[in-house]
1. Using the Cβ atoms and a cut-off under 10 Å, what net charge is assigned to the surroundings of A112, where Lys and Arg are +1 and Asp and Glu are -1?
2. Just add up the charged neighbours of K537: K/R +1, D/E -1, any other residue whose Cβ is under 15 Å from the Cβ of K537.
3. For a quick check of your reading of the filter: which trypsin sites (Lys or Arg not before Pro) in region 265-335 sit in a DSSP loop and have no more than 13 other Cβ atoms within 10 Å?
4. Quick query: amide H of L367 versus all other amide H atoms, modeled in the peptide plane; which residues come in under 5 Å with a sequence gap of 5 or more or a different chain?
5. Collect residues whose amide H, placed 1.01 Å from N in the peptide plane, falls under 5 Å from the amide H of Y212; neighbours closer than 5 in sequence don't count.
6. Report the extension gain between N69 and W161 in nm, rounded to one decimal, defined as 0.36 nm multiplied by the number of residues separating them, less their alpha carbon distance.
7. Using only the Cα atoms of region 211-352, build the gyration tensor, take square roots of its eigenvalues as a ≥ b ≥ c, and label the shape rounded, prolate or oblate: rounded if a/c is under 1.5, else prolate if a/b is larger than b/c, else oblate.
8. For the pairs K117/K146; K306/K366; K227/K529; K109/K306; K306/K333; K224/K571, note any where the Cα-Cα span goes beyond 21 Å.
Amino acid sequence: CLTEKGYELARASLVDSDGNCVLDELVKPQNRVFNYLTKFSGITAAMLRPITTTLRDVQAKIRMLLPDNAVLVGHSLNNDLIALKLIHQHVIDTSLLYRREFGQKFKLKVLAEAVLKRQIQTEEKRGHNPTEDAVAALELAQYFIKTGPLQVVELHLEELWGYTIEEESPKRTPAPSPSYRFADVLQTLGRSVAYIGKRADVALDLSHQCWYSSDKEILTSFRKQRKHPFLSVLQLSSFSDHLKGSCAHQQQLYHNVSANLQDMCAVFAGPFPAGFSKRDVRRLFCCCGPVRKVQMLNTSVRMHAKVEFWMLEGAMLALKVLNGLSVLGQTIKVQRPVNESTLDLDLNLDALMRDKLNTNRLYVVKLRHDAAQGLNISTRVNGCLSDAKCSGFPPGRQMNGLLHTAKINGKQLHPCTTKSELCEESVRKTFSRFGSIKSLVLPGKHGKHTRHACIEFESPEGKCAALNSEHLLEDSYLVWPSVTPPHLLSWVGMTTKRKTEMEEGETAEEQRPDSLDDGSQDQETGLLKKLDHRLNKIFSSLPDGTLSVVLLLGLTSTTCDHPGLCFLEIKNGS
């Protein structure tokens, strides 16, 4: 139920692996209750009045009932554990087992009806039965494990995900074409062929293969041969692995960071009223920060959207300010996507917020004037953000100036069309009264205006004073503690400008930091010397008249470009 300190535990139920209830306790909230949420919880004031059981009592009972190695099952289990203020090592969350597209979750009621063919949380019941919900989650997990993910998808593809499987007509398998590879042709002519190298690198289908883990072992094995095959292929991979690893690591690191950052900056919102366009969604969410991308997720019943911000603070503000908002009479929810990169998002954001680099830094958004005038929320919104914990706004609130429509000359228009960009002079004038400003960044492309800024104060007191100000919202400003590392803005800018700069004549050598060159070149030089030494030993062991071909394969990618080399020599005497 909802108390003056937020949501608190009011009832806890636990069942064993056979579905038998082993715990069902009402819990007395520690703080004054604002809303019993009877529609969902089924709990009333009369039920809790005689209860003396506390959260600590329930925690003790659960610890006694739940062994350390037990697997705890639930639907959106993170919410249950947060309410219980417990951590358990082994968990199964059925909302992640049966996951919808774009990271969205199925409701437990929907999964129970589609998979278990059972009705739960029906309208005639007053509130959810937690024991019934626990049994449903348990059976969903057991069914998933027993059936397997592939079979689950095939059996419930249409009712859960809205797809059907079309059976393809059997096709005749074409006859295999003859191989014209040099090694295969030699073998058909009765010539012996051998391959010596690392097993992971084998790309030839040869009959005689020897696999070794290092170049040293390959060299030793080849030199021990008494009779050499007609064709021997040796793959010394240390140097090529180094080139692949250095480039692939840089490229993979860039892609991983980019993908994780996009997930962290994304929110899902909806349902929106019929006819609400992508432009309307962008217009709505840009009050929290610059929007990078909007993707509409339309179904036959409801319309949702995935909104990606350029900065982490934009997504965090949207979650706090726009969740529960009434858009043309339709209450929308704003939530984060659920995927692997966002499982520890709260911990990561908390670490970023406490980072020394962000101690004095503040994120500022300039609202459009008419939107700010219509914000029907407390002017304490900025003050609530001082510890990055917004107390929330009443469900169904209406940001009238931002969302209501007006008729002008018979046409229905959104009123938030008046632009109000930031300029350095006005920002400094507004925020310098809270403390001395060390630096001010107004991100934006050349020649274009911006409506958000990053301010760094000389001391943390200036940042706290701004967060607790009651007048900033009246001046059309929203503020939030900075979480985006300062270097990330320049890094994002560099990655987006890289192609343009290359076209303008800047070379890749000029872009590469000097600190990376020296160590990398020294390592490559050492590896080349080793390779040269081993090739010399191989060449010395060859019989006279042997053609020796050395291939150093080239490597080309978006982050590096290494040309290949080929050396040919016929062994003739010493």
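Every number here is computed from the coordinates shown, using simple stated rules; none is lab data. Quantities reported herein were computed from a predicted structural model and do not represent experimental measurements. Quick reminder, even Gly has a Cβ in these numbers, built from the backbone with ideal geometry, and neighbours come from all protein chains shown.
1. Details: positive: K107, K109, K117, R118; negative: E113, E132, D133, E139.
Net of charged neighbours comes to 0.
2. +3
3. Values: sites: K278, R279, R282, R283, R292, K293, R302, K306, K320, K333; in loops: R302.
Passing both the DSSP loop test and the Cβ count: R302.
4. Close amide H contacts, sequence-distant or interchain: Y477, L478.
5. G197, K198, R199
6. Working: separation 92, 0.36 × 92 = 33.12 nm, distance 3.39 nm.
Result for the pair: 29.7 nm of gain on full extension.
7. Here region 211-352 falls in the prolate category.
8. Listed pairs above 21 Å: K306/K366; K227/K529; K109/K306.
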